[in-house]
Amino acid sequence: MEITVDHIRNKLTTEIGAVHVEVEDTSPNRCAASFKVLVVSPQFEGKPLLQRHRMVNTCLAEELKEIHAFEQKTLTPEQWEKQRAS
Amino acid sequence: MNTLVRSAVRCLRAGTVCRTGSINGQVLYGSARLLCAAAGQTDFADMVKKDKVVVFMKGTPSQPMCGFSNAVVQILRMHGVDEYAAYNVLEDQELRQGVKAFSNWPTIPQVFFNGEFVGGCDILLQMHQNGDLVEELKKLGIRSALLDAEKDKN
């Protein structure tokens, strides 16, 4: 399985109903496969941070076995709009 | 716990740096706030409950070996949290894999408060930024240094 930016984006969109996904391949900064993602999904509503991150981790469980470093930011559509406005 | 770990823990409690002996030719050191886990049975449930704040990281608080682990150390330092148990996963592959299985979390660093998994660097950073970290520390009976910093400003 080749872990690409598109692959990750598609998985997050399909499996956790992400309405906006930004995936950055940060591997050039480190010696191994590393990614930074921003996920915006209504399914995060009412869920504490840890639960949201676990949702993403579960979605990308197979990929994470091969990814060395992983950063994630999880927002609801409302939080995303607020962030964009500021 | 085997005798090696027990003696290291004794040093931990005493707050001294000590040479706890060797296992399989590999010398292990225990220090005030560092514990290199001995190979063999690792009781994670016990490890995370022994101290209020427990961090599994790459490197040590005085010498982090990874940007994310360093971020956790810096955030805790900012809040005046200097007393915590730090386990260096780079010293022990079993520890490194074991803690991931224990908390069902794929990456290091991992932070535990009162035996409960809090999250990694991302979560700790967001908690620091939105004020939740000060509250969580208060629940542990730890007064964040940032509260005093605020007071001094006014």
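For segment B:74-122, a reduction of at least 30 Å² in accessible area between the chain on its own and the assembled protein chains (probe 1.4 Å) is found at B:105, B:106, B:107, B:117, B:122. Within the straight-line cut-off of under 19 Å between alpha carbons, the lysines reachable from residue A:47 are A:73, A:82, sequence neighbours fewer than 8 places apart in one chain being disregarded.
Solvent-accessible surface, computed for protein heavy atoms with a probe of 1.4 Å, shrinks by 50 Å² or more for the following residues of segment A:9-51 when the other protein chains are added to the isolated chain: A:49, A:50. When accessible surface is computed with a 1.4 Å probe, chains B and A are found to bury approximately 1200 Å² between them, both chains counted.
Ligands, DNA and RNA left out, the 1.4 Å accessible surface of segment B:93-154 is 47% carbon and sulfur atoms.
Quote the FRET efficiency, to the nearest 0.05, computed for residue B:77 versus residue A:47 with a Förster distance R0 of 41 Å and r equal to the Cβ-Cβ distance. The value I calculate is 0.90.
The HN-Hα couplings worked out from phi for segment A:12-17 by the Karplus form 6.51 cos²θ - 1.76 cosθ + 1.60 (θ = phi - 60°) are 5, 5, 5, 8, 10, x Hz, whole numbers, x standing for Gly and Pro.
Computed over protein heavy atoms with a 1.4 Å probe, the carbon and sulfur contribution to the accessible area of segment A:1-45 reaches 48%. The three principal axes of the C-alpha atoms in chain A carry coordinate ranges of 35, 26, 21 Å, sorted with the longest axis first. By the gyration tensor of its Cα atoms, with a ≥ b ≥ c the square roots of the eigenvalues, what is the shape of segment B:62-154: rounded for a/c under 1.5, prolate for a/b over b/c, or oblate? Prolate is the answer for segment B:62-154, as a/c is 1.5 or above and a/b outweighs b/c. Solvent-accessible surface of chain A, taken per residue with a 1.4 Å probe and all protein chains present: 55 Å². Its relative contact order, with pairs defined as Cα atoms under 8 Å and 6+ residues apart, puts segment B:42-154 at 31 percent.
The values are calculated or read from the model by the stated rules, or taken from the named source; none is laboratory data. Worth saying up front: this structure is predicted, and the values here are computed from it rather than measured. Because the Cβ atoms are built from the backbone with ideal geometry, glycine has one as well, and the counts that use them run over all protein chains shown. Remember, those area values only see protein heavy atoms, side chains included, never the ligands or the DNA or RNA. Shrake-Rupley method; radii C 1.70, N 1.55, O 1.52, S 1.80 Å.
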